[in-house]
Amino acid sequence: HIDTVSFRGTPCIRLQTEGATAMVSLHGAQVLSWMPADGRERLFLSERAVFDGSAAIRGGIPVIFPQFGERGAGHRHGFARNRAWTFAGVENEAAVFTLAGDGSNADWPYPFLARLRIGLGAGRLRVALEVDNTGATPFAFTAALHSYLRVDDIVLVAIEGLQGCDYEDSAAGGTLHRQHDYEVTFDSETDRIYNDVVAPLALLEGAHRLDIEQDGFGDVVVWNPGEQLCARIADLAPDDWKRFACIEAAQVLQPVVLGPGETWRGGQALG
Ligand code: TA6
């Protein structure tokens, strides 16, 4: 079942199936809420998030495209999260949102068509990004699904599946490291880009486990601001760093180069 609702004053598409609900804002095609059939919210959305379109919405699953962070010539984390996407209907049981570019963007002047497919099951959410190069010249981009996963207390959280992976530590000047421990845990600001991730991941907290799979995306970004950085982020409350871990399906270290007429696909499945 699909309907249009207003959520904190912003127009959203609500998906409901088998007792599960997801809410997707047209602004950014951003999943703001995901409740599987057990009724427990799995995504973090800041009480201080801005919904007037003046900034990206803090929380849920922002779509980062065509550049991750400052890696590129354009806006930090790209423009896609600050654009109005179009709801294009349902295809293969997934809600499809589109964003087209005609090449007039000064920072990244390439014609493209992006599709975000959101599939919901009783206990599972799959978000997939597709990018077509609709122009006549190749272009390069980086991208991510910047998922803010809700937790009760970050100090009790562990991420499984990254052992043996190399990562760039953005919180320590971009230095390179290898993940030796079986689990990633959080004891201060954490901002890492893991590359060549092939294993499925899991977010563990007490008895709760959220499995995370990705395809197409080669990297995983793990981010938690910690107390001090959190205090400097206007659209987070002082204690919000305890309430989420971002585990992002990302393609950052090796930009995608897409020729005319080509399509790139990447997805993340949670559940
Ligand atoms: O994905 C991690 C990251 O790039 C961090 O460096 C952190 O600043 C975060 O994203 C949030 O970025 P934003 O532009 O949404 O404030």
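The values are calculated or read from the model by the stated rules, or taken from the named source; none is laboratory data. Everything quoted here is computed from the prediction, not taken from an experiment. For neighbour counting, all protein chains shown are included, and Cβ atoms are generated from backbone atoms with ideal geometry for every residue, glycine included. Heads up: the accessible areas ignore ligands, DNA and RNA and are worked out on the full protein's heavy atoms, side chains in. Shrake-Rupley method; radii C 1.70, N 1.55, O 1.52, S 1.80 Å.
In the stretch 243-271, the residues that are without any contact (Cβ under 8 Å) to a residue 60 or more places away in the chain never reach a residue that is of a type in the set (D, E, K, R) and within 13 Å of the ligand (Cβ to nearest atom) with C-beta atoms less than 7 angstrom apart, at least six apart or across chains. Taking the criterion of being within 16 Å of the ligand (Cβ to nearest atom), open to solvent by less than 50 Å² (accessible area, probe 1.4 Å) and of a type outside the set (S, T, Y), the residues of the stretch 172-208 that qualify are A172, G174, V184, F186, D191, R192, I193, N195, V197, L201, L203. Could we say that G19 is modelled with pLDDT of 95 or more, away from the ligand (no atom under 16 Å from the Cβ), at positive phi and surrounded by fewer than 16 Cβ atoms within 10 Å (Cβ to Cβ) here? Here the answer is yes, as G19 does meet what is asked. Taking the residues in the stretch 54-73 that are in contact with a Gly (Cβ under 8 Å, 6 or more places away or on another chain) and farther than 22 Å from E168 by Cα as candidates, determine which candidate is farthest from the ligand (Cβ to nearest atom). Among them, the one singled out is I57.
Remark: pairs (first residue in the stretch 224-238, over 20 Å from L156 (Cβ atoms) and assigned to a loop (DSSP other than H, G, I, E, B); second residue modelled with pLDDT under 95 and within 13 Å of the ligand (Cβ to nearest atom); Cβ separation under 8 Å; 6+ apart in sequence or on different chains) = D235/A55. Could you tell me whether any residue of the stretch 220-241 is in contact with a strand residue (DSSP E or B) (Cβ under 7 Å, 6 or more places away or on another chain), open to solvent by 70 Å² or more (accessible area, probe 1.4 Å) and among the β-branched types (V, I, T)? Within the stretch 220-241 (the criterion being in contact with a strand residue (DSSP E or B) (Cβ under 7 Å, 6 or more places away or on another chain), open to solvent by 70 Å² or more (accessible area, probe 1.4 Å) and among the β-branched types (V, I, T)), the answer is no, since none of the residues qualifies. All of (1) over 26 Å from A29 (Cα atoms); (2) open to solvent by 80 Å² or more (accessible area, probe 1.4 Å) hold for E93 with one exception: (1). A single entry from I118, I154, I64 fulfils the requirement of being within 20 Å of T4 (Cα to Cα), touching a strand residue (DSSP E or B) at 6+ places or on another chain (Cβ under 8 Å) and either of a type in the set (S, T, N, Q) or surrounded by 15 or more Cβ atoms within 10 Å (Cβ to Cβ) (or both): I118.
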